[in-house]
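Have a look at the structure below before the remarks.
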Amino acid sequence: DGGITQSPKYLFRKEGQNVTLSCEQNLNHDAMYWYRQDPGQGLRLIYYSQIVNDFQKGDIAEGYSVSREKKESFPLTVTSAQKNPTAFYLCASSPGRGARYEQYFGPGTRLTVT
Amino acid sequence: SQQGEEDPQALSIQEGENATMNCSYKTSINNLQWYRQNSGRGLVHLILIRSNEREKHSGRLRVTLDTSKKSSSLLITASRAADTASYFCATDQGGKLIFGQGTELSVKP
C-alpha cells in the first residue's frame with residue numbers, strides 16, 4: 001500500500017524543546033517537501049529535497065532543520081529558535097523536482113507548543 | 001511569496017448546485033495545479049493544467065486556464081456534501097510550488 005506517512009498525528013511540546021516530525025514515503029519519489037499551514041492559510045514551504053543528502057531552504061526555513069539520509073525519509077526538526085512553532089505540518093513527495101509534477105501529501109502532524 | 005490568490009475565500013451552496021472557484025496569479029507559469037483538503041487532513045491532487053492548455057476535465061471537475069488574464073477557475077458540477085473541503089490552486093515559481101490561501105467550500109445537503 002503506497003503512500004506517505006507522518007507521525008505522530010498530534011504532538012505537544014513545551015517551549016524551548018526541539019521536536020522532530022517524521023515523514024516516510026514508499027513511492028520511490030526523488031523529491032520531498034515540508035510545508036507549514038496556519039489556520040485559514042495556505043501552505044508555506046519550509047524545506048525541500050530533490051535527492052538524497054541534498055536539501056534546500058524554502059520560504060520560511062528559519063528555526064527548522066532537515067536531513068535526507070535515505071530516499072524514503074525526510075524528518076523535520078522544529079528547534080527552539082522557531083518563534084511560533086504551533087502549526088499543522090505537512091510532508092509531501094513528488095516523482096521529480098519542481099511544479100511539473102503533482103505532489104502527494106501525508107496526513108499531517110499538528111504540533112502544539114506551550 | 002504569494003503567487004496564487006483564490007476567490008472567493010468561502011462559498012456555501014446547496015447539494016446539486018455548481019461551485020466555481022477562481023485563482024489569479026502574478027507571474028507567467030508553466031502549469032497550474034488544483035488540490036483539495038478535507039478538514040485536518042493532507043492535500044489531495046485534483047488536476048494539473050499546462051500553460052498551453054485552456055480546459056481540462058476530470059469527472060465532475062472542469063478547470064480552465066486563461067494565461068492572458070493570469071487566471072484559472074475550478075468548476076465542480078452537481079456538488080455533493082462530500083465535496084465540502086478547502087480548495088487550493090498552486091503555481092510554479094522558481095521551480096517551487098506556491099499555494100494560494102484557498103477557497104473553503106461548504107455543500108449543504
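Since every read-out is calculated from the coordinates, none of them should be taken as a lab result. Since we're looking at a predicted model, the values are computed, not measured. Every residue, glycine among them, receives a Cβ derived from its backbone with ideal geometry; neighbour counts consider all protein chains shown.
At a glance:
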quantity: In the protein assembly as shown, lysine pairs closer than 23 Å at Cα, eight or more apart or cross-chain; calculated: 20
quantity: Sparse-neighbourhood loop sites, GluC sites (Glu not before Pro) in the range A:1-77 - DSSP loop, at most 13 other Cβ within 10 angstrom; calculated: A:15, A:62, A:69
quantity: Calculated on alpha-carbon atoms, Rg and Dmax of chain B in Å; calculated: 13.1, 42
quantity: Neighbourhood charge, 14 Å Cβ-Cβ cut-off, centred on residue A:84 and excluding it, Lys, Arg +1 and Asp, Glu -1; calculated: +1
quantity: Spread of Cα-to-Cα distances over 5 Å intervals beginning at zero, given as percent, for the protein assembly as shown; calculated: 1, 7, 15, 19, 19, 16, 12, 7, 3, 1, 0
quantity: Cut-off 12 Å between beta-carbons: net charge of the residues surrounding residue A:39, Lys and Arg +1, Asp and Glu -1; calculated: 0
quantity: Estimated distance in nm for a label pair at residue B:68 and residue B:44, the labels positioned 7 Å out from Cα along Cα-to-Cβ; calculated: 3.6
quantity: Cβ crowding within 10 Å averaged over residues, with B:88-101, B:68-81 ranked highest first; calculated: B:88-101, B:68-81
quantity: Within the range A:57-90: backbone nitrogen closer than 19 Å to the residue B:30 label point (7 Å, Cα to C-beta); calculated: A:57-59
quantity: Exercise: per-residue mean of other protein chain Cβ atoms within 10 Å, A:105-111; calculated: 3
quantity: Signed unit charges on C-beta, dipole axis of chain A, positive-most listed residue A:53, A:80, A:5; calculated: A:80
quantity: Exposure proxy order (Cβ contacts within 10 Å, fewest to most) of A:32, B:21; calculated: B:21, A:32
quantity: Average beta-carbon neighbours from other chains, 10 Å sphere, peptide B:33-42; calculated: 4
